1. Could you pull out every residue, at least 5 positions away or on a different chain, whose amide H is within less than 5 Å of the one on Val75? Hs are placed 1.01 Å off N in the peptide plane, and Pro or chain starts have none.
2. With Cα extents along the principal axes in Å in mind, check [x] 47, 45, 28; [y] 78, 28, 23; [z] 39, 33, 31 and report the label derived from this structure.
3. Amide H of Val8: which non-local residues (sequence gap of 5 or more, or other chain) have their own amide H closer than 5 Å, using H built in the peptide plane?
4. Can you sort Ser9, Ser101 so the residue with the fewest Cβ neighbours within 10 Å comes first?
5. Each residue of the stretch 61-68 in turn: what ³J(HN,Hα) in whole Hz from Karplus with 6.51, -1.76, 1.60 and θ = phi - 60°, glycine and Pro shown as x?
Amino acid sequence: MRAVEVLVSGRSPLRPDRAADLVERVMRGERRGGQISLTFVGRDAMRRMHREYQGVSKVTDVLAFALAGPGDRLVGDIYVCPWVASREAGRRRLPVREEVSRYVVHGVLHVLGYDHPEDASRLQSPMWRRQERYLEAGR
């Protein structure tokens, strides 16, 4: 099995070990090794990063960046906004931890190269179904 290293920082309703476990579960499930940095950021920081990296001047849930590491080793940076997760969890009547977990898994899948449509069909996309399977397996 390929090694997975996870660095978790920032404030989140998830314990750092739980967040790292989610990242590792997805990486191992996808048979990938590498180094992932997972950072929880506030809404203002997320808005700034979203504007800087994607040209969109509003807060978003997850930003994920895949970087080339040595050999075939994957290096990725994932930023998750618990503030957005809290609002979405309230709207959907879900526990905030569940929504933050969803964003973590979503970010890892993006780092691994998965993508989805930006419209309502995203909920039926292969990436979304894969994401929900990982979340279900972790309950």
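1. Gln35, Leu67, Gly69
2. [z]
3. Placed amide hydrogens put Leu38 under 5 Å from Val8.
4. Numbers: Ser9 12, Ser101 24.
Fewest to most other Cβ atoms nearby, the residues stand as Ser9, Ser101.
5. Per-residue couplings from phi come out as 7, 9, 10, 9, 10, 9, 10, 7 Hz.
Rule-based calculations on the coordinates, nothing more; no lab input. Computed from a prediction, not measured in an experiment: that's the story for all the values here. A quick note on method: Cβ atoms are made from the backbone with ideal geometry, for glycine too, and the neighbour counts reach across all protein chains shown.
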